[in-house]
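S.K.: Take a look at this one; I'll ask things after.
Derivation of every value follows stated rules applied to the coordinates shown; laboratory data play no part. The model shown is predicted, which means the values in this text are computed figures rather than measured ones. Cβ placement follows ideal geometry from the backbone for every residue including glycine, while neighbour counts extend to all protein chains displayed.
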Amino acid sequence: MIDHLSITTTDLDRAQAFCDAVMGALGTGGSDDGSPGIREIYGPDYCAAFVRDPDGNRLEVLTRRPEEQQ
């Protein structure tokens, strides 16, 4: 079991296009398990969304504002 997996990007536009396509895969058996938003319980810059794949695995997409923008 993997608890957390971090993937970074050097091209935010490309990453956005990928995430949009993946989130579109909700129509193929995945489900929303927490809409995108700030999760202040984890910190003021912790923005996450949660989905479940068809097997019930919970996937978390997380971003944080760069420190210079906080």
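S.K.: Placing unit charges on C-beta atoms (Lys and Arg positive, Asp and Glu negative, everything else neutral), compute the dipole magnitude of segment 12-69 about its Cα centre in debye, rounded to 20.
M.R.: For this selection, approximately 60 debye.
S.K.: Now, a different point. Test of understanding: ordering Asp53, Asp20 by Cβ neighbours within 10 Å, fewest first, what list do you get?
M.R.: Ranking Asp53, Asp20 by Cβ neighbours within 10 Å, fewest first, gives Asp20, Asp53.
S.K.: Quick one: grab Rg to one decimal and Dmax as a whole number for the chain, Cα atoms only, in Å.
M.R.: For the chain, the Cα radius of gyration and maximum Cα-Cα distance read 13.1, 39 Å.
S.K.: Which angle from 0 to 90°, rounded to the nearest 10, does the C-alpha axis of helix 12-24 make with the longest principal axis of the chain?
M.R.: It is inclined by approximately 30 degrees.
S.K.: Pull up all non-local amide H partners of Gly34: gap of 5 or more, or a different chain, and H-to-H distance under 5 Å with H placed in the peptide plane.
M.R.: Those lying under 5 Å, H to H, from Gly34 are Phe50.
S.K.: Out of residues 5 or more away from Leu59 or on other chains, whose amide H comes under 5 Å of its own, with H placed 1.01 Å from N in the peptide plane?
M.R.: The list, which skips near neighbours in sequence, is Val51, Arg52, Asp53.
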